[in-house]
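What follows is a single structure, written as structure tokens, with notes after it.
The values are calculated or read from the model by the stated rules, or taken from the named source; none is laboratory data. All values reported here derive from a predicted model rather than from experimental measurement. Note that each Cβ is placed from the backbone with ideal geometry, even for glycine, and that neighbours are counted across all protein chains shown. Ligands, DNA and RNA are stripped out before the accessible areas are found, and what is left, the full protein with its side chains, is counted by its heavy atoms. Shrake-Rupley method; radii C 1.70, N 1.55, O 1.52, S 1.80 Å.
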Amino acid sequence: MSESRRRKMRTAVLLLAPAVAVLLGVFVLPMLYILLMSFQNKQEHISLVNYATLVQDPYYLQVLWRTIKLSLLTVLACLVFGYPVAMYMAQASSKMRGIVTFLIIAPHLVSVVIRNFGWVILLGEKGLINNVLMQAGLIDKPLRLMYNELGVVIGLTDSFMVYMVLAIATSMYQIDVSLYKAAGILGAGKLRTFLNVVVPMTLPGMLAGSTLVFSLSMSSFVTLALMGGTSVKVLPVIAYEKIMTELNWQLGASISFLLLFSTVALVTLFTRLVETKRYKEVFSS
Amino acid sequence: MSKSFDVELINVQKKFGTNVVVDDFNLQIEQGECVSFLGPSGCGKTTTLNMIAGFLEPDRGDLLIKGKRMNGTPSNKRDLGMVFQTYSLFPHMTIFENVAYGLKLRKVSKAETKRRVDKVLDLVKLPHVAERYPKQLSGGQRQRIAIARALVTEPTLLLLDEPLSNLDAKLREELREEIKRLQRDIGVTTIFVTHDQEEALYMSNRIVVLDHGKVEQIGTPWDNNRPASEFVHTFIGKSNRLTGVVERVLDHTLELKTDTGISLRAVRRNDCFAAGDKVSIYMRPESIALHVEQRHSAATNVAKGTVKLTSFLGAYSECEIDIGQTVLTVRLQSVEQDGWLSPGMHVYTEWKPEDVFVFARKENGR
Ligand SMILES: Nc1ncnc2c1ncn2[C@@H]1O[C@H](COP(=O)(O)OP(=O)(O)OP(=O)(O)O)[C@@H](O)[C@H]1O
Ligand SMILES: [Mg+2]
């Protein structure tokens, strides 16, 4: 190894050392400990009993499926509502772009807890929406807009849409506007241009946004507890219950790993599906 | 019935805010013609092209394509082909898909699409790249594909916005040859935007010279010898400028005297000068001859000078001759120059009356 390379290595090690130390201490070691714990029974002997429970009791599989379903719905909602915002940002003046970016980030300067209470005012049984609809005579008993799965998806979408918008907008900024002109002159109307040029060119942004929103939704806890109430059980919530109320740390640990494993597996699967041969040829540098 | 044109612009105007970018643009293009828009950066070439393409709406005036008024018709309904400066191929489509896209939108059958795409790829001499993606091609190849994509739908009108300006000099020459050949073979009516006068001269049947959004001259490449304005003369090629006054106006010639005292004769070109008018006098570098001795006793169209600098530029050489307060650039065939000129030498510059161009000088003294 040459002298200059050795010096570079030393700089790199010095720069990364504190972060690596912190990660090792507060993340990797506890994770390994939890992993170990998930393979122990109550008497702290090595055993597969926790995983056997998860696989055999349909309750846990139901909860797993609900967690995945709600996360997918959130991804979908973020795509549907976030895409137009990103499109607006891509063609807006830099001033408007700044304002919109601020507006979608601003709510996140407020704690999740406070933000979710904001939803109560809007969506609750005596909330604004129900009030208005009742007054207008459109409904005669309040709609159930929260403390159910709908409320959870609304809350999660509100929390995570910003990631989707920014990811899509970033890939949209990179489309050369002359491509729109080229499509137009070749005979494509607005809709065709959107479907044939804009959508395929923003696939990387949609993939990045979806991955982020999906992983965040899978592990979301506060929003679930506040927007879902006691009726919507998902993996993070039952892991919490197992550990904090039943003091069954071992089962809680195995639920955590089920969550981690299914998130990684689904994200990998999803990425594989999107990253076709063409995708790689076009978007890899 | 009046003659029908492929493209007609009638009093077209375009403003951005209060800035008039294209003003009173009138032009008629015949079927099969290749017309160049030539002008310096910012003169409104792209803006005019964008109005024809339908990306911008004129604020005033009419645009007719094949006799049909096109104002307000979106670009996807105009049946045009266009090649952009930045190629603008769709990065996520293969070359085949890029070229076939216009046909797909026109719902042409698979077999017919294949046949036409193959044919046009042959035409631009790139039949083997169909399965590649644009980023796997060189700049010149991309531009060829862009041309193929524009031609495959057999458009009424082909628009080319500085299609060669991103390429190196050699490729530029090669490709302009090819575009010219294609254009003449297919006979597609074409508008070619460029700021390179040589390209314009090479490519087109007629040249529209623009300055600050105004048409300065519309003419054939040969009309260079009859420039409509000082701008046109100086924009199309290098020229030496002297200032002076008109001494006498004869039937066919003007007698002039420069401010430095040189007497000149110039052929008249539909001007209306009077004795005493202040004028700018132009001579092109290639129309000035150099001699070591004075050939004629006549003292007009001759100036004595000193060689200041010579530069060898391949096919020709340029030298700067100081004729007293003015420096003339003179262009010589390289062989002519070969060794006999050196800085400090005294020479006589000489030119013909038909090579002298005279324009009225504005009062502010320019
Ligand atoms: N969207 C716009 N808004 C305001 N001004 C514009 C706009 N587009 C062009 N202009 C102005 O109009 C003028 C003409 O622009 P145009 O693009 O037509 O020039 P051009 O002749 O194509 O120049 P170039 O050779 O540099 O491409 C310029 O002064 C430019 O600044
Ligand atoms: Mg331009």
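Some notes on this structure:
- The residue pairs whose first member lies in the stretch B:55-79 and is under 19 Å from B:Val20 (Cβ atoms), whose second member is among the charged types (D, E, K, R), and whose beta carbons are closer than 6 Å, counting only pairs six or more residues apart or on different chains, are B:Phe55/A:Lys181; B:Pro58/B:Lys14; B:Asp59/B:Lys14; B:Asp59/B:Lys15; B:Asp62/B:Arg69.
- On inspection, A:Phe117 does not qualify as open to solvent by 10 Å² or more (accessible area, probe 1.4 Å), touching a Leu at 6+ places or on another chain (Cβ under 6 Å), touching a residue at least 24 places away in the same chain (Cβ under 8 Å) and part of a helix (DSSP H, G or I).
- Considering residues of the stretch B:62-112 that are over 23 Å from B:Ile179 (Cβ atoms) and in contact with a helix residue (DSSP H, G or I) (Cβ under 6 Å, 6 or more places away or on another chain) only, the residue modelled with the lowest pLDDT: B:Asn76
Conditions tested, residue by residue: (1) modelled with pLDDT of 85 or more; (2) within 22 Å of B:Val356 (Cβ to Cβ).
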| position | (1), (2) |
| --- | --- |
| B:Met203 | yes, no |
| B:Val208 | yes, no |
| B:Asp211 | yes, no |
| B:Val215 | yes, no |
| B:Pro221 | no, yes |
| B:Pro227 | no, yes |
| B:Ile236 | no, yes |
| B:Leu242 | yes, yes |
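- Residue in the stretch B:21-41 that is surrounded by the fewest Cβ atoms within 10 Å (Cβ to Cβ), counting only those that are part of a strand (DSSP E or B) and near ligand 1 (Cβ under 9 Å from one of its atoms): B:Val21
Yes/no matrix, rows are residues, columns are (1) of a type in the set (Lys, Arg); (2) in contact (Cβ under 8 Å) with a residue 12 or more places away in the chain:
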position	(1), (2)
B:Ser109	no, no
B:Lys119	yes, no
B:Pro127	no, no
B:Gly139	no, yes
B:Arg144	yes, yes
B:Ala148	no, yes
B:Leu158	no, yes
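- Within the stretch B:174-202, the set of residues being away from ligand 1 (no atom under 16 Å from the Cβ), part of a helix (DSSP H, G or I) and of a type in the set (A, V, I, L, M, F, W, C) comprises B:Leu175, B:Ile179, B:Leu182, B:Ile186, B:Leu201.
- Filtering the stretch B:242-259 to residues that are in contact with a Ser or Thr (Cβ under 6 Å, 6 or more places away or on another chain) and either open to solvent by 50 Å² or more (accessible area, probe 1.4 Å) or small (Gly, Ala, Ser) (or both) leaves B:Gly244, B:Lys257, B:Asp259.
- Within this structure, B:Asp24 fails the test of being on the phi < 0 side of the Ramachandran plot and away from chain A (no Cβ under 14 Å).
- From the list B:Lys304, B:Lys257, the lone residue that is outside any loop (DSSP other than H, G, I, E, B), touching a His at 6+ places or on another chain (Cβ under 8 Å) and modelled with pLDDT of 85 or more is B:Lys304.
- The one condition in (1) crowded, with 18+ Cβ neighbours inside 10 Å; (2) out of contact with any strand residue (DSSP E or B) (no Cβ under 7 Å at 6 or more places or on another chain) that B:Glu216 fails to fulfil: (2)
- Of the residues making up the stretch B:220-240, one or more are in contact with a helix residue (DSSP H, G or I) (Cβ under 8 Å, 6 or more places away or on another chain), within 16 Å of ligand 1 (Cβ to nearest atom) and not small (Gly, Ala, Ser).
- Hits in the stretch B:27-43 (condition: under 23 Å from B:Ile179 (Cα atoms) and either within 10 Å of ligand 2 (Cβ to nearest atom) or within 14 Å of another protein chain (Cβ to nearest Cβ) (or both)): B:Phe37, B:Gly39, B:Ser41
- Filter pass, A:Arg97 being open to solvent by 50 Å² or more (accessible area, probe 1.4 Å) and out of contact with any helix residue (DSSP H, G or I) (no Cβ under 7 Å at 6 or more places or on another chain): no
- Of the helices (runs of 4 or more DSSP H) lying entirely inside the stretch A:172-285, the ones with 1 or more residues being within 14 Å of another protein chain (Cβ to nearest Cβ) and open to solvent by 40 Å² or more (accessible area, probe 1.4 Å) are found at A:177-185, A:190-193, A:203-218, A:277-283.
- Look at (1) under 18 Å from B:Ile218 (Cα atoms); (2) within 16 Å of ligand 2 (Cβ to nearest atom) and you find that B:Asn50 fails only one, number (1).
- Members of the stretch B:48-66 that are within 14 Å of chain A (Cβ to nearest Cβ), within 10 Å of ligand 1 (Cβ to nearest atom) and open to solvent by less than 20 Å² (accessible area, probe 1.4 Å): B:Leu49, B:Asn50, B:Met51
- Selected residue [open to solvent by less than 60 Å² (accessible area, probe 1.4 Å), away from every other protein chain (no Cβ under 12 Å) and of a type outside the set (Lys, Arg)] from B:Ile186, B:Ile191: B:Ile191
- For first residues located in the stretch A:233-262 and under 14 Å from A:Thr53 (Cα atoms), partners that are charged (D, E, K, R) and at pLDDT 90 or above and lie 6+ apart or on another chain with Cβ distances below 7 Å form the pairs A:Asn248/A:Lys242; A:Leu251/A:Lys242; A:Gly252/A:Lys242; A:Ile255/A:Lys242.
- Criterion (in contact with a Pro (Cβ under 7 Å, 6 or more places away or on another chain) and not β-branched (Val, Ile, Thr)) met by exactly one of B:Asn71, B:Asn26, B:Asn11: B:Asn71
- The residues listed here are A:Ile104, A:Ile154, A:Ile129, A:Ile139; of these, the one that is open to solvent by less than 70 Å² (accessible area, probe 1.4 Å) and in a loop (DSSP other than H, G, I, E, B) is A:Ile139.
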